[in-house]
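Remarks on the structure that follows.
The values are calculated or read from the model by the stated rules, or taken from the named source; none is laboratory data. Note that the structure is predicted; figures quoted are calculated from it, not measured. With ideal geometry, Cβ positions are generated from the backbone for all residues, glycine too; neighbour counts draw on all protein chains shown. We work out accessible area using only protein heavy atoms, side chains counted, and drop any ligands, DNA or RNA first. Shrake-Rupley method; radii C 1.70, N 1.55, O 1.52, S 1.80 Å.
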Amino acid sequence: MEKVQETAEKIRTMEIRGAGRIAKAAAEAIRDYAAGLEAASMEEFAASIQEVSSFLIGTRPTAVSLPNAVKLASRYSSENVEEARQEIITNANLFIERADRALEKIGKIGSRRIQDGDVIMTHCNSHAALSIITTAFEAGKDISVLATESRPRRQGLLTIRHLNDFSIPTTLIVDSAVRYYMKRVDKVIVGADAIAANGALVNKIGTSQLALAAHEARKSFMVAAETFKFSPNTIVGNPIEIEERDSDEVVNPSVLADLPHVRVRNPAFDFTPSEYIDMIVTDIGIIPPAMAYTVIKEHLGWELGEI
Ligand SMILES: O=P(O)(O)OC[C@H]1O[C@H](OP(=O)(O)O)[C@H](O)[C@@H]1O
């Protein structure tokens with residue numbers, strides 16, 4: 001349980017972050033926990049796995065990749081402790097391999113949409129979006145990137161470092177410069193924390209501003225998302241919860257000490273309606289947002305359970 005707690009803490013504090021990375025870390029935590037779990041009975045085994053699953057899922061509420069990963073990794077059908085343990089180890093490893101392969105596939109598929117000379121705008125730090133950009137560059141396409149700072153956590157700094165490592169010409173801009181620069185952009189590529197059954201995107205706060213500005217300027221808006229970023233719960237009407245993080249991330253508490261009438265809000269994500277999304281690049285191909293329901297039902301193979 002100690003290792004699970006360590007992983008949970010790293011996810012909570014964002015030492016491990018990015019919807020895909022969170023998912024993989026959770027699958028690894030479940031796998032290692034199951035491998036070392038001492039249980040006298042199947043009931044005990046099931047209760048412990050259930051407890052650890054809920055604990056990990058509770059670390060961050062928005063990225064649906066987290067509950068999807070935990071559910072896929074912790075599946076078992078056997079009523080025997082040893083067999084169930086092996087099933088979990090196998091399923092978790094399968095999930096981790098699938099997640100790695102998905103990033104590669106998204107990179108390959110999405111890079112075919114990138115043309116020589118393209119100026120690409122990206123937001124925050126998405127490994128899926130970066131997979132498309134770096135794959136296109138490595139294929140010899142002459143591209144450049146405009147990367148937003150992504151306040152308050154400034155994950156844009158991770159993005160510019162990554163792009164610099166690939167020698168991709170990159171310009172860092174503040175979030176409020178997005179519309180100002182949009183006329184120079186050919187394509188916007190962002191990642192996803194969750195995609196709802198109606199094709200709406202949930203991603204880092206500010207994403208919807210990029211989408212609006214791209215729509216206004218008639219620029220293409222692409223989302224890079226593994227199929228495990230689609231939200232089964234939204235089919236049965238459950239909304240996606242937007243995580244609100246500590247105000248300390250926005251402003252030093254000392255600034256607020258003598259401002260009793262001021263409060264700070266810090267939502268970590270926002271919604272981009274499907275009509276602003278041109279395509280979603282997934283590991284099973286490029287789809288329009290209207291196909292989100294089909295991905296959840298047919299590809300993710302999700303049971304609807306109790307309605
Ligand atoms: O899975 P990948 O593509 O890496 O990232 C997907 C999304 O996860 C991140 O959330 P956070 O920084 O963990 O809050 C960003 O919103 C990013 O676009």
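I'd like the full set of residues that are among the hydrophobic types (A, V, I, L, M, F, W, C) and more than 11 Å from the ligand (Cβ to nearest atom), limited to region 8-24. Once the filter is applied, which keeps residues that are among the hydrophobic types (A, V, I, L, M, F, W, C) and more than 11 Å from the ligand (Cβ to nearest atom), region 8-24 yields only Ala8.
Only one entry in Ile30, Ile120 is more than 15 Å from the chain's Cα centre (by Cα), touching a residue at least 60 places away in the same chain (Cβ under 8 Å), in a helix (DSSP H, G or I) and crowded, with 18+ Cβ neighbours inside 10 Å, namely Ile30. Within region 236-274, being open to solvent by 70 Å² or more (accessible area, probe 1.4 Å), touching a residue at least 40 places away in the same chain (Cβ under 8 Å) and acidic (Asp, Glu) holds for one residue alone: Glu241.
The single condition among (1) open to solvent by 10 Å² or more (accessible area, probe 1.4 Å); (2) free of Cβ contacts under 8 Å to residues at least 40 places away in the same chain; (3) within 30 Å of Ser150 (Cα to Cα) that Asn125 does not satisfy is (2). Among the conditions (1) closer than 21 Å to Ala225 by Cβ; (2) more than 16 Å from the ligand (Cβ to nearest atom); (3) open to solvent by less than 40 Å² (accessible area, probe 1.4 Å), the only one that Gln155 does not satisfy is (2). Scanning region 168-181 for residues that are touching a residue at least 12 places away in the same chain (Cβ under 8 Å), open to solvent by 30 Å² or more (accessible area, probe 1.4 Å) and over 16 Å from Ile133 (Cβ atoms) yields a count of 4. Scanning region 90-117 for residues that are surrounded by 17 or more Cβ atoms within 10 Å (Cβ to Cβ) and away from the ligand (no atom under 16 Å from the Cβ) returns Asn91, Ala92, Arg113, Ile114.
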